[in-house]
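J.: I am attaching a structure below and will ask some questions about it afterwards.
Just so it is clear, none of the values below were taken in a lab; they were calculated from the coordinates. All figures in this text were calculated on a predicted structure; none of them were measured in a lab. Here Cβ is always computed from backbone atoms with ideal geometry, including for glycine, and neighbour counts include all displayed protein chains.
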Amino acid sequence: MIEIKSRGQLEAMRAAGLVVARTLALLASHAKAGVSTGELDELAEQSIRDAGAIPSFKGYHGFPASICASVNEQVVHGIPSRTQVLAEGDLISIDCGAILDGWHGDSAITLPVGEVTDAELKLSEATRASMLAGIEAAVAGGRLGDISFAIESATILAGEEHGIEYGIVEGYGGHGIGTKMHMDPFLPNHGKPGKGPRLKVGMAIAIEPMLTLGTERTVELDDGWTVITADGSRAAHWEHSVAITDDGPWVLTALDD
Ligand code: MG
Ligand code: MG
C-alpha cells in the first residue's frame, strides 16, 4: 500500500521539508576544514528543534545522531563524531530528516571541503543530475520504474560525458515518505521504464541516487551503520523528498519553490 496524501497533507510535508532544507543550507555554510561532523550534528539538531520539529534520525533503530555524515569512501549512514574533523580535500555527504506535525522530510547533499579533484566534483554533479532526472520522472500516470530508469539513464549519460564509469550503489535506494520516513515503495536507482506501481497524485517519494567512482558494492562497518565502498573509492549522495501533484513533481525539501 502506498500512502496517498491530500493537498493539505502535502502542504504539511512541505513545511517539514523546509525545516530540512534550511538545516542543510546552514550545514553547507559550516562544512569547512577543521570542523567536526559532531559539530555539524549539533548545529543540525539545534536548527531542527528551533523550528519546532524533531530530528527523525535520532533514535531511529538506535541511530545516535540527527544527521548522517558520510566522508569520502563512506557512502551513507556515517555517524557524526567530535573526533571526525573535516580536512581540505574531503568529500562529505550530509543526510538529514525532520518530523513536523507528524510529517517527514528527508534530504541529502554532497559537498566538497575546500578543493577536491575534478573527478570528485563530477561525481557529485552526476549524482545530483541523476536525482534531478528522477524528480522529472515523478509524474502522475507514469510508473515507479520510470523514475529508476531516469536515474540510471542520467548516470550513464553523465558517465559518458565525464569519461568516468560511475558505480550505482547496490542494495540502497529511495522510498515512499509521509507519516513515516521509510514507507513503501522501495525505489531502486536503476530499472526498466513502464514497470512497477502506477504513480498517482498524492504520493511522496524520497529520490536518492548514490554513486561511486568505482564499485557498486559496499561493506557495512562494525559500528552497525557506516556503509563504505568495497574498493575504497569515493561516493556521493543526493536526495530530495518529492510529491506527485496535478502540476507535476513538487520538491518538498527544496529551499525555495
Ligand atoms: Mg535521507
Ligand atoms: Mg531517504
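J.: What does the helix-only formula give at 222 nm for the chain: each DSSP H stretch with n ≥ 4 adding -39500 (n - 2.57), the total divided by the residues, and the result rounded to the nearest 500 deg cm²/dmol?
T.: Calculated mean residue ellipticity at 222 nm is -10000 deg cm²/dmol.
J.: What list of ³J(HN,Hα) values in whole Hz, one per residue of the stretch 130-147 in order, does the Karplus curve 6.51 cos²θ - 1.76 cosθ + 1.60 (θ = phi - 60°) give from phi, with Gly and Pro shown as x?
T.: Per-residue couplings from phi come out as 5, 4, 5, 5, x, 4, 4, 8, 7, 10, 4, x, x, 10, 4, x, 5, 5 Hz.
J.: Let me ask something else about it. Positive end of the dipole of the stretch 205-255, charges at C-beta (+1 Lys, Arg; -1 Asp, Glu), about the Cα centre: which of Ile207, Ser233, Thr218 has its Cα farthest in that direction?
T.: Sorting the options by dipole projection puts first Ser233.
J.: Just want to confirm a number: the relative contact order over the chain, from Cα pairs under 8 angstrom separated by 6+ residues, in percent.
T.: Over the chain, the number comes to 24 percent.
J.: Let me know the number of lysine pairs in the chain closer than 23 Å at the Cα, not counting same-chain pairs under 8 apart.
T.: 7
J.: If neighbour count is taken as other Cβ atoms inside 10 Å, put Asp106, Asp246 in order from fewest to most.
T.: Going from sparsest to densest Cβ surroundings: Asp246, Asp106.
J.: Sticking with this structure for a sec: Pairs of Cα atoms under 8 Å, at least six residues apart: use those to get the relative contact order of the stretch 165-242, whole percent.
T.: 34
J.: DSSP loop GluC sites (Glu not before Pro) in the stretch 50-139 with at most 15 other Cβ atoms within 10 Å of their Cβ, which ones?
T.: The qualifying sites are Glu88, Glu115.
J.: Excluding Ala108 itself, calculate the net charge of residues whose Cβ lies under 10 Å from the Cβ of Ala108, where each Lys or Arg counts +1 and each Asp or Glu counts -1.
T.: -4
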